[in-house]
2 protein chains.
Amino acid sequence: MNKKIEALQLKAAKLTRESHALGIPVMIVFEGVPASGKTRLTNDLLLTLDAKYTQFIATKTPSEHDLRFQFLQNFWNTLPSKGHINIYFRSWYAHFIDYKIHEIKKHTLKDYSKLQDEIHAFETMLQKDGHEIIKFYIQINEEKRQEHINQMKENPLTNWKAQEYEQVIPTDTYKAEFEAILDEAWKVIDYTKRDHAIQQMYEHFIARLEKAIQQHKMRTYEKAGDFAKNFETDLFNVDIQKVKKQEYEDLVLALQLRLRELQFALYERKIPLILVYEGMDAAGKGGNIKRVREYLDPTGYEVNAISAPTDVELNHHYLWRFAKDMPKSGHIEIFDRSWYGRVLVERVEGFASKEEWSRAYEEINAFEKMWVNEGAIVLKFFLTLDKDEQLKRFKDREENVDKQWKITEEDWRNREKWDLYLEASHDMITKTNQPHAPWLIVPADHKKSARIEVLKYIIQKCEEKLWGVQRY
Amino acid sequence: MNKKIEALQLKAAKLTRESHALGIPVMIVFEGVPASGKTRLTNDLLLTLDAKYTQFIATKTPSEHDLRFQFLQNFWNTLPSKGHINIYFRSWYAHFIDYKIHEIKKHTLKDYSKLQDEIHAFETMLQKDGHEIIKFYIQINEEKRQEHINQMKENPLTNWKAQEYEQVIPTDTYKAEFEAILDEAWKVIDYTKRDHAIQQMYEHFIARLEKAIQQHKMRTYEKAGDFAKNFETDLFNVDIQKVKKQEYEDLVLALQLRLRELQFALYERKIPLILVYEGMDAAGKGGNIKRVREYLDPTGYEVNAISAPTDVELNHHYLWRFAKDMPKSGHIEIFDRSWYGRVLVERVEGFASKEEWSRAYEEINAFEKMWVNEGAIVLKFFLTLDKDEQLKRFKDREENVDKQWKITEEDWRNREKWDLYLEASHDMITKTNQPHAPWLIVPADHKKSARIEVLKYIIQKCEEKLWGVQRY
C-alpha cells in the first residue's frame, strides 16, 4: 500500500469524524463513464469512512416503481442527516441524462432543461442549509477502459455484468452530455494512473472538508422574526358566497360525489393532487378536510397531519419529511399544515434563523415546482378567521366535553401572537402565490360556506387540468 | 346520520385518544371480497380517527419492486409506532392468498404453508409486544354485491375501476381460501344491512380497545437479567487454524476475489446474503468486515453499523429497524451488531424486561426464518477474545492517536460486565443456532486467522447454496 495514500486516508477519516461531530451533512458525487474507475475510487473512500454514518447510494435507471414518483424523489428520500455522509455512485446528473436521452416522462416534462433547474435548486437549498456537496467526474483513456471491460468479460461469473455496463446510456452520449454539465464545481480526475487518481481524490476531499468545517464554525444564527410595529393588511378581507343552511347538505354531497369521480379520473390519468391547508387555529381545517375526503376512495389518498418534528426529522433538511410523503402518480396527498411551518411557526417562535426563513419562500416555490413540472396539481388553502370568532370557538371547545382535547395551552399562547401570525401569513401568501401553485384565501367564520368554497375550487382546478374546461 | 352510530363514533374516537396517550400500537385488518362494503366501513372508521396518528394501508398485488423483497416486507416497513393506528384495507392474508393461488416465488417458496407460519409468528410477536390486532372479515349477500359493482360500472369515470375489482383474486377462490383461515380471532360482519354493519364494527372495535387499554395498564415490567452466580462455559474454547504471516496476504486476496465472483453469482441468481456480526468489544469486527467487503462491488452490498436507537426506532417493535434494512434479492447486507442486541446489551443493562428478552430467542429464530424461506443465506459470526487480549487492545487504542476515537468510557464499563456478557452470549448462541441460520464462533485473538476463517466460511456456504457443492 502506497504510504502517501495511507496518510491521506487517515486524514480523511479524522476529518469526517470531526464533520460528524459537528453535524455537517456531506454528499459526495461520483460520475464518469462505465469502467472508468468509479467503483475503485468510491470503494476506497467507502472503506476509509465509518460505516456508522456513511451510506452508499447507487443510481440506476428508473424502475416502474420509481417512475410513479418525482424525478428527484429517491434523492430526497435518502438525504443525509446531520453528520452523515452519502457517497453517490452516479447521481441526479446521470439520472438527468437518462431521462433526457430516453425521453422518460416526455408527455409531462417536454422540456428537459426543467430538470436542470430542479437540480440547481436542489443543490442550492442544500448548500445554503450547510450540506457540503463534493462532485467528482472520473475520466480514463479509452485503451485502459477497454482493458477493464475485457477483464470483466473473461470471467463467466462477471461477463453478464460487463455487458450490462454499456446498455443504459451509450458512452459517447454520456460524455457529450457531461461536457455541457461540467463547470468549476466539479473536480475532474483522470484514472489512467490509479494511485495518482486516488491521491487526487483524497486531496480534494480533504481540502473541501477542511473548508466546510471552517465555514461551519463561523456560521452565525440570528434569531429574528423581523416583524413590523403596527402591521396592517387587507389581504384577508375576502368575501365568499354564504351558503344557506337548507341548501348545504345537498350541495356538499353533490360536490363530494363529483370529487370522487374526479379522483378516479386523476388516477387513470396518473395526475397527483397535492392539497395544502394552513390557517388560524380553530378555523376549521380538520372539518374542511373531512368534507373533502369524506367520499374519496381511501386507497388513493392520504392525510398528513403535521405534528412537532421527531429527532430524526430535526436532523434532516426541513423539506425532507414532506418530500418523502409526496404522492405517487394518480394519488392525493392532503397536508394538514405543511412545509409552510418554516415561514409561520418557525419564524414566529425563532425555531428558524432570519436567514433560514427569509430564503424559504424561494426554496418552497422551487420545491412545489418540482412536482408541478411532472403534472401535479398543487392547491393551497388558507383558512382565515375573525379574532373574536376564534375566541368564541376556543371557549366552545373548552366547554364541550367531546371537544376539550382539541384545545391546549399552546392554542392560547398562539392567540396572543395573533398579529405576528397575521404578518407571517401575509408575507407567506404574497411571496408563494404562484400561478402553478396558487393560494386560495378562505374566510372560515362560516364553516359550511368555507367547505363549499374549497370543494368547488378543487373540482374546478381538477377539471381544468383534466379537460382544460371550467365547469364552475 | 344514525344517532346510535354517532355515539359509537364519539366513543371510538375518545378511546383511541386514550390508547394513543398510553402508546398502544393498534392494527385493524379488513378483509372481504371486492364490493363487499370494505371501503365504506374502513372509510367510516378512518374519518372517525385522528389523522395525526392513523395510517391507511391498502394491500395490492405485489409489483416487480415488491417481489425483490420478503413476503412481509411492506408490513414490517409500515408497522405502527407506539400510540399509532394502522387500518389495513386487505392485509397479509389477502397477500398470502395472492401468493398461493398465483404461485408467486414458487421456486423458493414451494410450500405456501410456510407463509402461514410467518403470519402466525408475525402476529404473535407483535401481540406479545403489546400491539392490539383487530381483524374484520366482511361478508355480503351476492345480490347486493352485484348492485355495488353495477353502480360503479354505470359511471364512465369509475367503470375501469369496477373491472379491476375482479381481476386479482377470483371471488370464489378468495372466499374458499378464507373459510380455511377464519377462526375465533376474526369478527365476521355482514354488510347486507349497512347501518347494522357499521354499528357492529364500532361495538367490536370499542370492546377490543377497552380490553387492550385495561391490559396495558396491568402490564408489569420485571427488570432481571437472570444471571448465574458462577457462570462457566467452554462454548468459546474453539481452535482455528493459525495462518502464517507470509501466507496471509496472498490467501486473503484470493478469498476476496472469489467472494467478489460469488457476489455476482448471487446477484444473478437473486439470492440475498445476510451477514451478522456480534462479539466482544475490540474483537476486531470492523477489521473483519473490512476484509469481507474490500473487493465487493459497493453497488450490491451495505453495511449496517448499529448505534443506539433513535426515538423513532424506540417507538417501534424492536425488530422494525432491522427488518426495514434487510437486503433485496441478490444483495448483501452486513450487520455490525444486530437484533441480537435484544438478548445481549438489553438483557445485561435491563433495557428489556425479563419477559421480553426471554421470548426474543424464539422471535429471532422466526424472524430469520422469514428470509431463509425465500432463499436468503443467513450467517452469523461471534468473534471471541481472551479477556487479557481485550485489555491489551484497549490500552493500545488509548495510546495510539489514530485509534483513540475507538475507545470510550462505555467500553470500559462493558468490560466490567464481562461475565454477564459471556453468559448472555452463551445463551444466545445455544438458543439461536439454527441449521438454516448458523452461528460460527470465531476466536479473534489472532485477527488475521479470524479473517481467513470468516471468508472461507462465507465462500463455502455461498457455494453450497449456489451449486450444492463444498469447495473448502
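Among the residues of the range A:215-231, those identified as in contact (Cβ under 8 Å) with a residue 60 or more places away in the chain and either part of a helix (DSSP H, G or I) or under 17 Å from A:V348 (Cβ atoms) (or both) are A:H216, A:K217, A:Y221, A:E222, A:K223, A:A224, A:G225, A:D226, A:F227, A:A228, A:F231.
In the range B:281-304 there is at least one residue that is closer than 24 Å to B:T78 by Cα, at the interface with chain A (Cβ under 8 Å from one of its Cβ atoms) and open to solvent by 50 Å² or more (accessible area, probe 1.4 Å).
Can you tell me which residue in the range A:305-315 is nearest to the other protein chains (Cβ to nearest Cβ), limited to those that are open to solvent by 20 Å² or more (accessible area, probe 1.4 Å) and of a type in the set (A, V, I, L, M)? Outline the logic, then answer.
Of the range A:305-315, the ones open to solvent by 20 Å² or more (accessible area, probe 1.4 Å) are A:306-315.
Next cut, of a type in the set (A, V, I, L, M) only: A:306, A:308, A:312, A:314.
Details: A:I306: 8, A:A308: 11, A:V312: 5, A:L314: 10 Å.
Among them, the one singled out is A:V312.
Taking the criterion of being part of a strand (DSSP E or B) and buried (at least 23 other Cβ atoms within 10 Å of the Cβ), the residues of the range A:360-381 that qualify are A:K380, A:F381. Within the span defined as the range B:339-358, every residue fails to be within 14 Å of chain A (Cβ to nearest Cβ) and modelled with pLDDT of 95 or more. For the range A:96-129, a residue qualifies if it is open to solvent by 10 Å² or more (accessible area, probe 1.4 Å) and in contact with a strand residue (DSSP E or B) (Cβ under 8 Å, 6 or more places away or on another chain), and the qualifying residues are A:E123, A:Q127.
Based on this model, can you work out whether B:D445 counts as in a loop (DSSP other than H, G, I, E, B), more than 29 Å from the chain's Cα centre (by Cα) and touching a residue at least 24 places away in the same chain (Cβ under 8 Å)? Reasoning before the result, please.
Values: in a loop (DSSP other than H, G, I, E, B): yes; more than 29 Å from the chain's Cα centre (by Cα): yes; touching a residue at least 24 places away in the same chain (Cβ under 8 Å): yes.
Criteria met by B:D445.
Looking across B:V276, B:V243, one residue alone is more than 14 Å from chain A (Cβ to nearest Cβ), modelled with pLDDT under 95 and either within 30 Å of A:K60 (Cβ to Cβ) or surrounded by 15 or more Cβ atoms within 10 Å (Cβ to Cβ) (or both). It is B:V243. Determine whether the range B:164-173 contains at least one residue that is within 14 Å of chain A (Cβ to nearest Cβ), of a type outside the set (A, V, I, L, M, F, W, C) and open to solvent by 40 Å² or more (accessible area, probe 1.4 Å). So far as the range B:164-173 goes, yes, one or more of its residues are within 14 Å of chain A (Cβ to nearest Cβ), of a type outside the set (A, V, I, L, M, F, W, C) and open to solvent by 40 Å² or more (accessible area, probe 1.4 Å). In the range A:77-92, the residues that are over 21 Å from A:S36 (Cα atoms) form Cβ pairs under 8 Å with partners that are assigned to a loop (DSSP other than H, G, I, E, B) and hydrophobic (A, V, I, L, M, F, W, C), at six or more places apart or across chains, as follows: A:K82/A:I24; A:G83/A:I24; A:I85/A:L49. In summary, B:A197 fulfils each of the numbered conditions (1) assigned by TED's automatic domain parsing to the domain that holds B:I24; (2) surrounded by fewer than 16 Cβ atoms within 10 Å (Cβ to Cβ); (3) more than 29 Å from the chain's Cα centre (by Cα); (4) of a type in the set (A, V, I, L, M, F, W, C) with the single exception of condition (2).
Return the residues of the range B:46-55 that are closer than 27 Å to B:K128 by Cα and either touching a Pro at 6+ places or on another chain (Cβ under 6 Å) or facing chain A (nearest Cβ under 10 Å) (or both); say none if nothing qualifies. Listed by number, the residues that qualify are B:L46, B:D50, B:A51, B:K52, B:Y53, B:T54, B:Q55. Every test in (1) out of contact with any helix residue (DSSP H, G or I) (no Cβ under 6 Å at 6 or more places or on another chain); (2) assigned to a helix (DSSP H, G or I) is passed by B:K135 save one, and that test is (2). If we keep just the residues of the range B:279-317 that are in a loop (DSSP other than H, G, I, E, B) and under 21 Å from B:W439 (Cα atoms), which is nearest to the chain's Cα centre (by Cα)? For the range B:279-317, the residue satisfying everything is B:I306.
Any residue at all in the range B:36-45 that is more than 12 Å from chain A (Cβ to nearest Cβ) and touching a residue at least 60 places away in the same chain (Cβ under 8 Å)? Yes, the range B:36-45 has at least one match.
For A:N155, the test of being open to solvent by 10 Å² or more (accessible area, probe 1.4 Å) and closer than 21 Å to A:W320 by Cβ is failed.
The values are calculated or read from the model by the stated rules, or taken from the named source; none is laboratory data. On a predicted model such as this, the values are computed, not experimentally measured, just so you know. Virtual Cβ from ideal backbone geometry, glycine too; neighbours counted across all protein chains shown. Accessible surface is based on the protein model in full, side chains and every heavy atom, while ligands, DNA and RNA are left aside. Shrake-Rupley method; radii C 1.70, N 1.55, O 1.52, S 1.80 Å.
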